[in-house]
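Below is one structure, written out as structure tokens, with a few remarks after it.
The values are calculated or read from the model by the stated rules, or taken from the named source; none is laboratory data. Predicted model only: the values in this text are computed from it and were never measured. Reconstructed Cβ throughout: ideal geometry from the backbone, glycine too, with neighbour counts over all protein chains shown.
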Amino acid sequence: MWPKRQFDNLEDDISLTVNYAEVSRAAREVVQSQSARLIETLAAAIADDLLKHFPLAAVEIELRKYVLPDAAHVSVLIRREAAER
């Protein structure tokens, strides 16, 4: 995640940046509310929700799926940027 505020302007104050515990809760809620069949769909939904509800300039989401016997995992990685305002 890339907060909208620059790191050197955060003044060690959590209220000036993104609360990662809240981000984790929000991502969990998106996952629990979705019935997506593709991890690509789910990753996009998480990214869109986080950009909508948190002061983020960009977010990168990687989802892993542990379903193939001959592979450690399969995954999708997406990056989304906040719309310019």
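When segment 8-24 is limited to residues that are in a helix (DSSP H, G or I) and hydrophobic (A, V, I, L, M, F, W, C), the one that is nearest to the chain's Cα centre (by Cα) turns out to be Val23.
For first residues located in segment 54-79 and under 22 Å from Ile14 (Cβ atoms), partners that are among the acidic types (Asp, Glu) and part of a strand (DSSP E or B) and lie 6+ apart or on another chain with Cβ distances below 6 Å form the pairs Ala58/Glu81. A Cβ distance below 9 Å, combined with a sequence gap of six or more or placement on separate chains, defines the contacts here; from segment 25-38, residues that are under 13 Å from Phe54 (Cβ atoms) and in contact (Cβ under 8 Å) with a residue 12 or more places away in the chain reach residues that are outside any helix (DSSP H, G or I) and β-branched (Val, Ile, Thr) in the pairs Ala27/Ile61.
When residues in segment 60-85 are screened for being part of a strand (DSSP E or B), at pLDDT below 95 and of a type in the set (D, E, K, R), 2 of them pass.
Can you tell me which residue is surrounded by the most Cβ atoms within 10 Å (Cβ to Cβ) among those in segment 57-71 that are under 18 Å from Val31 (Cβ atoms) and either over 12 Å from the mean Cα position of the chain (by Cα) or of a type outside the set (D, E, K, R) (or both)? Restricting to residues being under 18 Å from Val31 (Cβ atoms) and either over 12 Å from the mean Cα position of the chain (by Cα) or of a type outside the set (D, E, K, R) (or both), the top hit is Val59. Here are some conditions: (1) touching a Ser or Thr at 6+ places or on another chain (Cβ under 7 Å); (2) loosely packed, with under 13 Cβ neighbours inside 10 Å. Leu77 meets all but one. Which one does it not meet? All conditions pass for Leu77, except number (1). The residues on offer are Ala27, Ala45, Ala57, and the sole one that is closer than 18 Å to Glu81 by Cβ, in contact with a strand residue (DSSP E or B) (Cβ under 9 Å, 6 or more places away or on another chain), in a helix (DSSP H, G or I) and modelled with pLDDT of 90 or more is Ala27. Of the residues making up segment 1-24, those that are closer than 17 Å to Ala82 by Cβ and either small (Gly, Ala, Ser) or touching a strand residue (DSSP E or B) at 6+ places or on another chain (Cβ under 7 Å) (or both) are Met1, Trp2, Pro3, Lys4, Thr17, Val18.
Report whether or not Ala44 is under 10 Å from the mean Cα position of the chain (by Cα) and surrounded by 11 or more Cβ atoms within 10 Å (Cβ to Cβ). For Ala44, the condition - under 10 Å from the mean Cα position of the chain (by Cα) and surrounded by 11 or more Cβ atoms within 10 Å (Cβ to Cβ) - is met.
Name the residue that is farthest from Phe7 (Cα to Cα), counting only residues in segment 36-85 that are of a type in the set (Lys, Arg) and in contact with a helix residue (DSSP H, G or I) (Cβ under 6 Å, 6 or more places away or on another chain).
Lys65
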